[in-house]
Amino acid sequence: MPLKFRLKGLAETFVDNVNCDCCGNQGGEDGDEGFSTDMSRVTLDGIVAVIECTHCGHIFVPKEQKLGVISLRKLRQAVENDSKVTGTPILSGLDEVALDVEKLNAIRDDHIQ
Ligand SMILES: [Zn+2]
């Protein structure tokens, strides 16, 4: 079952299937069992799904995700506003999110002091 992420009037993203490279969790019958999507990010390219496997703690960016942008102008405004409010840097797209996620995994694995 594909997962769907939507920001009304701004963007939507579909993820066909999710499976964890780390422990092989495939999300059970509903496709999202044992996965948390709270870390998904909104970028200038659209919503980038970020999945955390609650079985093993691995965080990853599914490669098979389709990013759709409904209003580029509104999306950009929302991303810029959010950056101002939260002080987090603006991410341009999937590649930057993937880099960020690698850092999170490294911190969790304690490779970075
Ligand atoms: Zn896992």
Next on the checklist: Helix 94-108 against the longest principal axis of the chain: what's the angle in degrees, Cα atoms only, rounded to the nearest 10?
Outcome noted: 40
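Viscosity 0.692 mPa s, temperature 37 °C: Stokes-Einstein D of segment 1-50 from its Kirkwood Cα radius, in µm² per second?
So the translational diffusion coefficient is about 282 µm²/s.
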Checklist entry - Taking the inverse of the average 1/r across all pairs of different Cα atoms in the chain, what Kirkwood radius in Å do you get? => result 14.6
Checklist entry - Cβ under 15 Å from Pro89's Cβ, Pro89 left aside: what net charge do those residues give with Lys, Arg +1 and Asp, Glu -1? => result -2
Checklist outcome for this item: Note, Ile70: beta-carbon cut-off 10 Å, +1 each Lys/Arg, -1 each Asp/Glu, net +2
Checklist entry - Could you give the angle, 0 to 90 degrees to the nearest 10, between helix 72-86's Cα long axis and the longest principal axis of the Cα atoms of the chain? => result 70
Next on the checklist: Based only on other Cβ atoms within 10 Å, what is the fewest-to-most ordering of Asp32, Asp38?
Outcome noted: Asp38, Asp32
Item to check | 14 Å beta-carbon shell around Asn17, net charge (K/R +1, D/E -1) | outcome: -4
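No value in this document is a laboratory result; all are computed from the given coordinates. Remember, it's a predicted structure, so these values are computed and weren't measured experimentally. Neighbour counts are summed over all protein chains in view; Cβ atoms, including those assigned to glycine, are modelled from backbone coordinates with ideal geometry.
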